[in-house]
1. Suppose we filter segment 148-176 for residues that are over 20 Å from Thr59 (Cβ atoms) and either out of contact with any helix residue (DSSP H, G or I) (no Cβ under 6 Å at 6 or more places or on another chain) or surrounded by 19 or more Cβ atoms within 10 Å (Cβ to Cβ) (or both); how many remain?
2. Identify all residues within segment 70-90 that are closer than 12 Å to Glu56 by Cα and among the hydrophobic types (A, V, I, L, M, F, W, C); write none if there are none.
3. Within segment 123-152, track down each residue that is in a helix (DSSP H, G or I) and either of a type in the set (S, T, N, Q) or in contact with a strand residue (DSSP E or B) (Cβ under 9 Å, 6 or more places away or on another chain) (or both).
4. Find the residue count for segment 95-122, including only residues that are among the β-branched types (Val, Ile, Thr) and outside any helix (DSSP H, G or I).
5. Among the residues of segment 80-132 satisfying the criterion of being among the acidic types (Asp, Glu) and near the ligand (Cβ under 10 Å from one of its atoms), which is farthest from Ile34 (Cα to Cα)?
6. Looking only at residues in segment 178-191 that are surrounded by 19 or more Cβ atoms within 10 Å (Cβ to Cβ) and under 15 Å from the mean Cα position of the chain (by Cα), which one is farthest from Phe148 (Cα to Cα)?
7. Which of the residues that make up segment 186-226 are within 23 Å of Asn96 (Cβ to Cβ) and not in a loop (DSSP other than H, G, I, E, B)?
Amino acid sequence: MINLPELFPALYCRCEHNDKGSVRFLHCDYPISISIAEYEFIYNLVRENYLHAGYEVATGTGLSSIAFAEALRDSNQFGYILTVDSYVEEAENSCNSYFGKSSVIRDSKGFNAIRTALNELGLREYVDLNIGRSPEDVGSIVESREAFDYVFIDAQHTTDALIADLTAIAPHILKDGFVLIHDAHCFDMETINGKCGELFGNVPRPAPNCGLDRRGYNLHYLKVKK
Ligand SMILES: C[S@@+](CC[C@H](N)C(=O)[O-])C[C@H]1O[C@@H](n2cnc3c(N)ncnc32)[C@H](O)[C@@H]1O
């Protein structure tokens, strides 16, 4: 597996000064990536379940996409992850001041930094980078794609926004695929569990080692049953 703490500062990111080992861009404080433990969880989930068609909102620093891409490469598996971001957090340099706005930033430094990093890592062919907003742009972005066996949601952290993100992608997820929800503590999980039961026939549970009290940011996941 990529040695992230050594590699990312050299590419375009700095490591956060906490034990979770998240990364950020050099030019702004937000977005903040998934943790190293969550990277490992995604990497192992993809390899153990032979996943090959990923969808993600949102790209952020690119780290969560890179976890999926690296797993594909290391298992010699054909596939890719389609990732979308409006780059609004970077523009606002905040993880919540953009709530209620629908900006899409088309000339962000972050987008170019991720593309460069993917090229340097030799992972460019596994990641389809998209600029857009969920849920409004999801239909046109995933149109004519095969259904996904992996969905990772880490965009606007409100219960209503998460429900909108899940609902937009639900028709495009395969049975037996996986849905991952980052930062579960930010949501009304009773409401989210009800929605997931309705959409996927299952409810999310905590990913091992990825709780707030451990090495993650409360990553939850479920296997799609319908
Ligand atoms: C916490 S970060 C994602 C971190 C990413 N998973 C990583 O590992 O670096 C959240 C991202 O969601 C994006 N975002 C927020 N609301 C969005 C929306 N409605 N559609 C698309 N992207 C959105 C923000 O611009 C930000 O980059």
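1. 7
2. Ile81, Leu82, Val84 - these are the residues of segment 70-90 that are closer than 12 Å to Glu56 by Cα and among the hydrophobic types (A, V, I, L, M, F, W, C).
3. Glu125, Tyr126, Val138, Ser140, Ile141, Val142
4. Qualifying residue count for the region: 2.
5. That would be Glu92.
6. So the residue we want is Ala184.
7. Cys186, Met189, Glu190, Thr191, Ile192, Lys195, His220
Each row is one residue, and each column tells you yes or no for (1) of a type in the set (Val, Ile, Thr); (2) at positive phi.
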position	(1), (2)
Asn18	no, no
Ser35	no, no
Asn44	no, no
Glu48	no, no
Leu51	no, no
Thr59	yes, no
Asn76	no, yes
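The values are calculated or read from the model by the stated rules, or taken from the named source; none is laboratory data. What you are looking at is a predicted structure, and each value in this text was computed from that prediction instead of being measured. Using ideal geometry, Cβ is built from the backbone for each residue, glycine included, and neighbour counts are taken over all protein chains shown.
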